Structure formats: structure tokens, C-alpha cells
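Engineer: Next up is a structure, given as C-alpha cells.
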Amino acid sequence: MSDHMPKHLSDFNGGDDTRSVLSRVCTYWASLRRNGSVPARADMDARALGATLPHVFLAEMVTPRVARLRICGHRVETLLGMDMRGMPLSVLFTGEARAEVQHALEQVARGARVTLALEAERGFGLPRMTARLALLPLADAAGRCNRVMGVIEAEGEAGRTPRRFALARPLPETEPPMPARSAAPVLRVIEGGRR
């Protein structure tokens, strides 16, 4: 573990575990930034994420619009009721939402943190479920944003699986704009979804 990293998520939350899972993971990610740049994948330490790990996934950017899941916490896999490793991130979304998710991934590939408000499809055996998703860019040793750390915090019963999400309403901006690690332009945080 790097010397500049906290030993545990609670080290920079002041021991406060009452904050939302999404907020705690985003705070950890922000703590890894050096000089305002995109955090490096090599600096990630799963132990520091502690109790938030079941809500977290890591994905590889296959193209700027497609991310393939590599590691998934069990709360994420519960949404589809299966092992999701190797699947595209888009598998979590309805067909109508996938173009917007691809656009969000393009922004992540350029160094932006994206937060989306989600609402699961409804139907027989599918009770109301909402969620918030944060997509956080990670850079390789060369400074390329080719990994994504995601965190999804769902509210409501899963019901029958699979559960897929549409984009709901925009969320208020929670983090300041962040430059990419490379020479890419400074981008604002994207908060999105249909109203």
C-alpha cells in the first residue's frame, strides 16, 4: 500500500460510516488524485474500500464507449442474478438507456467523473427500485483513462432478476470539475438522466 493512501475508508471519513456508499467510494477515489489528475489504477487498494466493496465494480474500457466488467461486488451481481465478469457494462441497462450510458463512458474515458440517477424496470415480480451509479475514471501507468471504477447504490427490493435500469433524473453536482491525467481538456462532472 502506498504511503499516501489511508489505511481504510473510515480514515478520511472521520470514522463516519453513516454517509452513503456512493459518497464514501467517491471520497476514496478523490483521495487518490495527485495534483488534480485522474487516479492511477495501481494506487487502488481493495482493503481501503472495506464494507463498500460489495457495491463496487472495476471495468476495462474496450473502446471509449464500451466498458467490460472485470471485477464485481456481490451486490452488483445480485441485480442480474449471475456472475457478470466479462460482460459489457451495458448489460445493466435497458435498450433505450444504452446510448446515454455510452455517451457517459465517453466522458469517463476523457477523465470526467459521471454520476447517474437510475430507475429499474417495473413489472410483475419487479418492485420499485432506484439507484445511483458513479463511474470513476482510473489511469494506467502512461496516464490513459482505460479503467473505470463504478459504484452502484440501489434502494428497494431486487425481486425477480435480472433487473435492468433506465436513466431517471439528474443528480445535483457533488464534486468539482477534474482535469484528466493526460493532456486532455478539463471536463466538468456530468450528472445525467432523463427527467
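FYI, it's all coordinate maths here, none of it is from the lab. Note that the structure is a prediction, hence the values are computed from the model and not measured. Positions of Cβ are generated from backbone atoms using ideal geometry, with glycine treated the same way; all protein chains shown enter the neighbour counts.
Engineer: In whole angstrom, note down how far apart the Cα centers of region 58-88 and region 120-173 are.
Structural biologist: Each part reduced to its Cα centre gives a spacing of 11 Å.
Engineer: Which residues does the label zone of residue 106 cover in region 36-75, counting backbone N under 18 Å from a point 7 Å along Cα→Cβ?
Structural biologist: Inside the label zone: 61-68.
Engineer: What ³J(HN,Hα) values, in whole Hz, does the Karplus curve 6.51 cos²θ - 1.76 cosθ + 1.60 give for region 84-99 when θ = phi - 60°, with x put for Gly and Pro?
Structural biologist: Result, rounded to whole Hz: 9, 4, x, 7, x, 4, 4, 4, 7, 10, 5, x, 5, 8, 5, 5.
Engineer: Suppose each label sits 7 Å from its Cα in the direction of the beta carbon; what would the residue 47-residue 33 distance come out to in nanometres?
Structural biologist: Taking the two extended label points, one gets 2.7 nm.
Engineer: For residue 99 and residue 124, compute 0.36 nm times the residue count separating them, minus their Cα-Cα distance, and round to one decimal in nm.
Structural biologist: Full extension of this stretch gives 6.4 nm more.
Engineer: Right, here's the next one. How many nm separate the modelled label positions at residue 85 and residue 62, each set 7 Å beyond the Cα in the direction of the Cβ?
Structural biologist: That separation, rounded to one decimal, is 1.7 nm.
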